[in-house]
Amino acid sequence: MQTEILDINDVSLKLSKRIIMNGGAVAFPTETVYGLGANAFDNAAVENIFKIKGRPNDNPLIVHVHKDYDISSLVSYVPDYAKTRAENVWPGPLTMVYNSKCTVSKAVSCGLNTLAVRIPSHQGAQKFLKYLNLPIAAPSANISKHVSPTSAEHVFNDLNGKIELILQGGKCCGGIESTVLDCTGDFPVILRSGLITREMIEKVVGRCGLYEFKEGCAARSPGMKYKHYSPNCKTMLFSFKDLNYALKEYEKQKRLGEKVKLLCDEATAKICGTAEYLSLGNTEAEAASNLYQKLREGENCATLIIAVAPEKQDGIMTGVMNRLIKACGNEK
Ligand code: TXA
Ligand code: MG
């Protein structure tokens, strides 16, 4: 199968509709990462998404809808705090998990009685979703466990020959996946950290929990238990306070013949002198926006990435650290 990358216009939207209505999958941009979308009502199409990605079949998908789509046909109970949150953030990088009406294919939620819903703010995503006027089930458009794609070229590198169409939407500015918020209880609980932070949610609705997956326990968000976001090269992760050890390791691995790159923010790089590095930039938002791009650059030019965690760990950095640990840490 030939994979095309096309700008978003009447011709490519028409083609994407034909592909989706025939049970196929189309990659499309969002403000976080690229998604691989299929018709959420079409069981075979949704199952095919899992096959294309090599995704475990107990890791449910998020349903994406355009901003005027009536989600009351999909979910049964939306608590007041979730409505308040939605008014503030949607369209945007927040996914909310509700009780499902089970109107979409069972394969979307892998048999769970909940449904994750997201309204992305990216103009291209909105055009695509509006044109289709369907709930679109979409995981990130990468091969399972690999680094999530933040450009059409990243998607092409992973899925060339496996899908017909990638809609070109440029670089995703957010850079890490949406915050996943469980809205089925008395107060919201973050299942996956992202650009909408716990602090931001607490400011609007008061209480907000943060779910931490523990090895050996059933995962409330099944995606949390899997290895994720990993580049195709060796990796090591050091905390900021162990920067000296990271630099010693960098020199040692170079002597051993590895092509090594540090992965760190600009402030850390300044302290590191002449070490070659992949820059996470200057701010928290830049770190999120650059992370996956730099992991992919690293796997193309190095045999080993030594990541140094940023000093700051709260706010958006909670989500960045969560990805960094899964990509470069031992927790695989
Ligand atoms: O930013 C994003 O969320 C991107 C773009 C494409 O929208 N999508 C994305 O999808 O990251 P994916 O499939 O890579 O991650 C979906 C996450 C997984 O951790 C999954 O376990 C969780 O959402 N999830 C989906 N449905 C759920 C449900 N019903 N209950 C709990 N967690 C759910
Ligand atoms: Mg993913």
Per residue, how large is the accessible surface of the chain? Use a 1.4 angstrom probe and give square angstrom. 43
So for segment 6-164, considering every pair of alpha-carbon atoms, how many percent are separated by more than 29 Å? 11
Rounded to two decimals, the Debye log10 I(q)/I(0) of segment 10-102 (Cα scatterers, no solvent) at q = 0.12, 0.14 Å⁻¹ is -0.45, -0.62
Tilt relative to the chain, helix 123-132 - C-alpha long axis, 0 to 90 degrees, to 10: 30
Please work out the Cα center distance from segment 28-50 to segment 86-132, rounded to the nearest Å. 11
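Nearest-5 percent of antiparallel DSSP beta bridges in segment 51-184?
So the antiparallel bridges amount to about 55 percent of the total.
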Helix-only mean residue ellipticity at 222 nm, the chain, DSSP H runs n ≥ 4 weighted -39,500 (n - 2.57), per residue, nearest 500. What is it? -10000 deg cm²/dmol
If one builds a Gaussian network model of the chain from Cα atoms under 10 Å apart, the most fluctuating residue listed among Pro91, Pro149, Pro29 is Pro91
Which sequence of Phe238, Phe128 reflects their accessible areas, 1.4 Å probe, from the largest down? Phe238, Phe128
Solvent exposure ordering (accessible area, 1.4 Å, most first) of Met21, Met321, Met236, Met96: Met21, Met236, Met321, Met96
Which of Arg296, Arg255, Arg192 moves the most in a Gaussian network model of the chain with Cα springs under 10 Å? Arg255
Using a Gaussian network for the chain with springs between C-alpha atoms less than 10 Å apart, which of these wobbles most: Ser73, Ser144, Ser178? Ser73
Gly298: net charge of surrounding residues, Cβ under 11 Å, Lys/Arg +1, Asp/Glu -1, itself excluded? +2
What are the residues whose amide H is under 5 Å from the amide H of Thr235, where those residues sit 5 or more places off or on another chain and H is modelled from the backbone? Ile305
Per the Cα gyration tensor, segment 234-328 corresponds to an equivalent ellipsoid with semi-axes, largest first in Å, of 20, 14, 11
Relative contact order of the chain (C-alpha contacts under 8 Å, at least 6 apart) in percent is 20
At 10 °C in a medium of viscosity 1.306 mPa s, the chain has a Stokes-Einstein diffusion coefficient, with Rh taken as the Kirkwood radius over alpha carbon pairs, in µm² per second, of 78
DSSP beta bridges in the chain, what fraction antiparallel, as a percent rounded to 5? 40
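The values are calculated or read from the model by the stated rules, or taken from the named source; none is laboratory data. Values in this document were obtained by computation on a predicted structure and should not be read as measured data. Using ideal geometry, Cβ is built from the backbone for each residue, glycine included, and neighbour counts are taken over all protein chains shown. Protein only, heavy atoms only, side chains kept; ligands, DNA and RNA dropped before computing areas. Shrake-Rupley method; radii C 1.70, N 1.55, O 1.52, S 1.80 Å.
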